[in-house]
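Enquirer: The structure that follows is given in the form of structure tokens.
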Amino acid sequence: MHKIFKIDLRQIGGSALTDEIKIPATKTPQEIKSSKKIPATYVPARNTIFLSIALAYAEVIDANAIFIGANSIDYSGYPDCRPKYFKRFQELADAATKKGLEGMGVEIKTPLLYLTKADIIKKGVELEVPLQHTWSCYRGGEKACGRCDSCILRLDGFKVAGSKDPIEYEKK
């Protein structure tokens, strides 16, 4: 069952994606992946907010699982994209819901958690996912910028996967 919830994280702010904070750009894929600093694009508790709403709705419709496309390999170091976070959220989901207390909890599934971007892209190509309709850019223009961390990681993933990214980028 498909349902759209309108959530405006700009009301919370605190991130380059939800506030008037400059979006970092022009790092190399290696710099992004090896950084120990949480970037300005981290949206505080975003996955917790999304998963909490999904968990409540999953219980209402009697769903057995919630799928989230988080990644802990080729990512920017967000705390809520780590395996430890999802393990703890699963514990919370089991303790916080009727289904969990009855031993039939809603399972939090993270099928992309341990895949590289290149592996995700290869799987998408194999499954004939319309990758031309996917978007990674943090800037949100008519075309992807090609310079923000998310674009850099996406472009590197396509390069390593041996595929051409089907979306258009701004001219540099």
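Enquirer: For the stretch 94-117, which positions are farther than 30 Å from V160 by Cα, of a type outside the set (S, T, N, Q) and in a loop (DSSP other than H, G, I, E, B)?
Expert: Once the filter is applied, which keeps residues that are farther than 30 Å from V160 by Cα, of a type outside the set (S, T, N, Q) and in a loop (DSSP other than H, G, I, E, B), the stretch 94-117 yields E102, G103, M104, G105, V106.
Enquirer: Taking the stretch 71-94, which residues are among the small types (G, A, S) and modelled with pLDDT of 95 or more?
Expert: Answer for the stretch 71-94, where residues must be among the small types (G, A, S) and modelled with pLDDT of 95 or more: just A93.
Enquirer: Answer with yes or no whether T110 is of a type in the set (S, T, N, Q) and closer than 13 Å to F67 by Cβ.
Expert: Yes: the conditions hold for T110.
Enquirer: Consider I4 carefully, then state whether it is β-branched (V, I, T) and in a helix (DSSP H, G or I).
Expert: No, not satisfied.
Enquirer: Specify which of the listed residues (K27, K99) is surrounded by 11 or more Cβ atoms within 10 Å (Cβ to Cβ), of a type in the set (K, R) and under 19 Å from S136 (Cα atoms).
Expert: Answer to the check: K27.
Enquirer: N47 is checked against (1) on the phi < 0 side of the Ramachandran plot; (2) out of contact with any Asp or Glu (no Cβ under 8 Å at 6 or more places or on another chain); (3) not hydroxyl-bearing (S, T, Y) and fails just one. What number does that condition carry?
Expert: In the conditions (1) on the phi < 0 side of the Ramachandran plot; (2) out of contact with any Asp or Glu (no Cβ under 8 Å at 6 or more places or on another chain); (3) not hydroxyl-bearing (S, T, Y), N47 misses (2) alone.
Enquirer: Among residues belonging to the stretch 1-24 that are in contact (Cβ under 8 Å) with a residue 40 or more places away in the chain and β-branched (V, I, T), point out the one that is surrounded by the most Cβ atoms within 10 Å (Cβ to Cβ).
Expert: The residue in question is I23.
Enquirer: Anything in the stretch 36-65 that is touching a helix residue (DSSP H, G or I) at 6+ places or on another chain (Cβ under 8 Å) and either within 29 Å of C148 (Cα to Cα) or hydroxyl-bearing (S, T, Y) (or both)? List them, or say none.
Expert: Across the stretch 36-65, the qualifying residues are I38, P39, T41, Y42, V43, A45, R46, N47, T48, I49, L51.
Enquirer: In addition: When you scan the stretch 9-19, do you find a residue that is on the phi < 0 side of the Ramachandran plot, assigned to a helix (DSSP H, G or I) and in contact with a helix residue (DSSP H, G or I) (Cβ under 9 Å, 6 or more places away or on another chain), even just one?
Expert: yes
Enquirer: Could you tell me whether N47 is among the polar types (S, T, N, Q), modelled with pLDDT under 95 and within 22 Å of P111 (Cα to Cα)?
Expert: Taking the combined requirement at face value, the residue does not satisfy it.
Enquirer: Sticking with this structure for a sec: From the set of residues in the stretch 56-88 that are surrounded by 15 or more Cβ atoms within 10 Å (Cβ to Cβ) and more than 17 Å from the chain's Cα centre (by Cα), which is nearest to L101 (Cα to Cα)?
Expert: The qualifying residue nearest to L101 (Cα to Cα) is E59.
Enquirer: If we scan the stretch 42-53, do we find a residue that is touching a strand residue (DSSP E or B) at 6+ places or on another chain (Cβ under 9 Å), buried (at least 19 other Cβ atoms within 10 Å of the Cβ) and closer than 18 Å to L9 by Cβ?
Expert: Within the stretch 42-53, one or more residues are touching a strand residue (DSSP E or B) at 6+ places or on another chain (Cβ under 9 Å), buried (at least 19 other Cβ atoms within 10 Å of the Cβ) and closer than 18 Å to L9 by Cβ.
Enquirer: Condition first: loosely packed, with under 14 Cβ neighbours inside 10 Å and assigned to a helix (DSSP H, G or I). Now tell me which residues in the stretch 30-41 satisfy that.
Expert: Q30, E31, S34
The values are calculated or read from the model by the stated rules, or taken from the named source; none is laboratory data. Being a predicted model, the structure only gives us computed values, none of them experimental. When we count neighbours, we look across all protein chains shown, and the Cβ atoms used for this are built from the backbone with ideal geometry, even at glycine.
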